[in-house]
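See below for the structure under consideration.
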Amino acid sequence: MKPFPFSFFLLSLLSGAALAQTAAPLPRSQSVQTLDEIVVNAAPDSPSLTVPSLEARKEQIAKTVPGGAGVVDSEEYKRGRASTLKDALDFAPGVLIQSRFGAEESRLSVRGSGIQRTFHGRGLWLMQDGMPLNLADGGFDMQAIEPLSARYIEVFRGANALQYGAATLGGAINFISNTGHTASPFQARFEVGSFNTLRGQVSSGFVSGNTDVYASITAAHSDGFRDYSEQESLRIFANIGTKISDNLENRFYITYVDSKSQLPGALTKAQMEANPQQANAASVAGRQRRDYTLLRLADKLTYSDGDNSLALSLFWSWKDLDHPIFQVIDQVSNDVGFDLRYDGHHHLFGLENDITVGTGFMYGKTQDDRYNNVSGARGALVAQNKLQAMNLSFYFQDQLHLTDTLSFIIGSSVIYSNRDLNEEAQFGLNNSDRQEFWGFSPKLGLLWDITPKAQVYFNASRSFEPPSFGELTAINAGSPALVALRPQTATTLEFGTRGEAGRIAWDFSYYYAWIDDEMLTLGVPGNATLTTNAGRTIHQGIEFALNADLLRNLATSAAEDYDRVTLRQNFLWNDFHFARDAAYGDRRLPGIPPFYYRAELLYEHPCGVYFGPNLEWSPQAYAVDLSHSTFADPYALLGLKLGYRTKKGPSFFVEVRNITDETYAATTGVVQNAALPAQAAAFFPGDGRAFYAGVEFKW
């Protein structure tokens, strides 16, 4: 392994720290004057009890989470192309997101979660306003989210997502919706770009009496950089909030998604280097696609009196998947669930104490029919099954404020899950089966406010992840229906710091996780793609974001409304490897780059103008297979962005991506041995040079 480039990042840190400024103390008054008492009644943090304001959530997360967590302001990613989850989350500390072919489908991983998945993610909770978007078996679809309809995004890495009942290694990503209080009465946004990319959104938010309404409609089309990679989508998001009283609010959510994607498939490394735009011949011959329709209804009733809050969430989703790949997968899913959560601020042993207690339930039923793929059409029926999944969880977290600056956090979750497969049409053996899983995940943490705007923290936790049907099912004639898998568990230690000081802001976490029974494809004889439980594996890493104002008042002289040159940086170090495995020793796990660096240097003027370059850099090769026979090469992508953004009126942006037209692997599959012809196609080329422009109007 190449030496870690600490000097480069240390230089970035020191350069920002050297420019940090602290406010000069005010001159001491020469006399003391007694003034009449004035009582100020502060306005609530947000007009909505269901959806906290961005500022309130930033402060609350900083003061209550003893580990990696943060907030992404949607105004940041709306300054450029905002089409995919990668556009929205690329600067979120700890998040690695690699788009397969410029589409929504990606490898979305936090701390090595779902390491094998470049599609239909697992290993973390994807949420909307605290309600899970995952299906009951734990899998989630990237298409279920529209980044443009979110006001901000919360990212809770690892056990720091316990407050939402999440117990997986990756944690949770929570998209917080716009409401009628936060959205413009009328907003329209249009994006155009390379590969015949077109994207439009219209939205509106308004308040009428005790009711507020927000609605967003987005339509998009792209031919894609690669052959046979056309994508189309229509998304409708809406919510209606009603203030029943000063302390009680109900909010109803409607989501509709219609997504159609051609799948160009993976290439061998030689094919990618020769022509990255080509499609996999077998994918084209099979007319492979992923067409997906989702209807989701949810309701959240919230009571709050300041010190106590109680929220009841109910949700139902209907999903129709038409998915010609090696077979034609035809699935119709219905998932229902609820979450009941109490948050309270009280005193314990004479000390301030905050507690969260909750329970969640999810049940899903999927009709799974599979046919031979005849050039994308349904051939003979080869499998017909009913899949059922259930999860029941209880969770709590307690924060005891030992002093004004030091808190002790304790929490745990208990989870019961089951997975059922009932074979309705038998093709050989009866494959019906049922598996059950229990998990207990405790957590301890310390949070110390070293200044009013900076914290250091430590936590120790356990995580628990039962397998989804994507890992469990092996539906072939004569094979078992459910693979015998144990849930993936881990013990994780984490310490770090976050905060602001003068001109710099930082978020730094180091974690070390001992993982048992990690779900990986280990090349079982006779079925090289079958998921099995590995032995002990180790995931350790650094999640580091550093933002610094390098220069101020280049063209202004104001103390507050100044222009500036700002540097945004997001760095990941990923060290995931086997631990004394009988077959692989201490070999590094494939599929995840050891280092990932994202940076943007922008000049920003208070009038709303901004421009500057950006960089995406993967500086070290990494294996795509367990045999370490084939590697994805390092790459560096240069970009440039220019725009103008305002809170009301017209805004615009122009950006260039991959200026040097680099050929690179945006992501890869994870296979047993890519030197074998049957497994050599493991590379998904990234987009070549691309130009995008957009205009947005707000009234």
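Rule-based calculations on the coordinates, nothing more; no lab input. All values reported here derive from a predicted model rather than from experimental measurement. All Cβ positions, even for glycine, are placed from backbone atoms using ideal geometry, and neighbour counts span all protein chains on display.
Is the stretch 625-680 rounded, prolate or oblate when judged by the Cα gyration tensor, a ≥ b ≥ c being the square roots of its eigenvalues, rounded requiring a/c under 1.5 and prolate requiring a/b larger than b/c? Note, shape of the stretch 625-680 comes out prolate. What you get for the stretch 81-167, charging only the Cβ of Lys and Arg (+1) and of Asp and Glu (-1), is a dipole of about 300 debye around the Cα centre. Between 0 and 90 degrees, rounded to the nearest ten: what's the tilt of helix 54-64 against the longest Cα principal axis of the chain? Roughly 80 degrees, rounded to the nearest 10.
In a simple Cβ point-charge model (Lys, Arg +1; Asp, Glu -1; nothing else charged), the chain has a dipole of about 1040 debye relative to its Cα centre. Counting Lys +1, Arg +1, Asp -1, Glu -1, what net charge surrounds ASN247 among other residues with beta carbon under 12 Å of its beta carbon? Around ASN247, the charge tally is -3.
Averaging over all projection directions, the Cα-based convex hull of the chain occupies 31.8 nm² in the image plane. Compute the Cα gyration tensor for the stretch 92-194, then decide on rounded, prolate or oblate, letting a ≥ b ≥ c be the square roots of its eigenvalues: rounded whenever a/c is under 1.5, prolate when a/b is larger than b/c in the other cases, and oblate in all that remain. Here the stretch 92-194 falls in the oblate category. For the stretch 495-588, taking the reciprocal of the average inverse distance between every pair of different Cα atoms yields a Kirkwood hydrodynamic radius of 17.0 Å.
Can you find, among ILE325, PHE338, GLY379, the residue farthest towards the positive end of the dipole of the stretch 290-382? Put +1 on the C-beta of Lys and Arg, -1 on that of Asp and Glu. Positive-end residue among those listed: GLY379. Quick check: from the Cα gyration tensor, does the stretch 143-224 come out rounded (a/c under 1.5), prolate or oblate? Oblate, because a/c is 1.5 or more while a/b does not exceed b/c. Residues with beta-carbon under 12 Å from that of ALA166, excluding ALA166: net charge, scoring Lys, Arg +1 and Asp, Glu -1? Result for the neighbourhood of ALA166: -1. Within the shell of other residues whose beta carbon sits under 10 angstrom from the beta carbon of THR663, the net charge comes to -4, with Lys and Arg scored +1 and Asp and Glu -1.
Judged by the mean number of other Cβ atoms found within 10 Å, the most tightly packed of the peptides 365-376, 149-160 leads the ranking 149-160, 365-376.
The angle between the Cα long axis of helix 6-19 and the longest principal axis of the Cα atoms of the chain comes to about 20 degrees, rounded to the nearest 10.
When the C-alpha to C-alpha distance is required to be over 31 Å, the pairs from LYS86/LYS319; LYS58/LYS243; LYS58/LYS443; LYS63/LYS300; LYS260/LYS648; LYS365/LYS698 that qualify are LYS260/LYS648; LYS365/LYS698.
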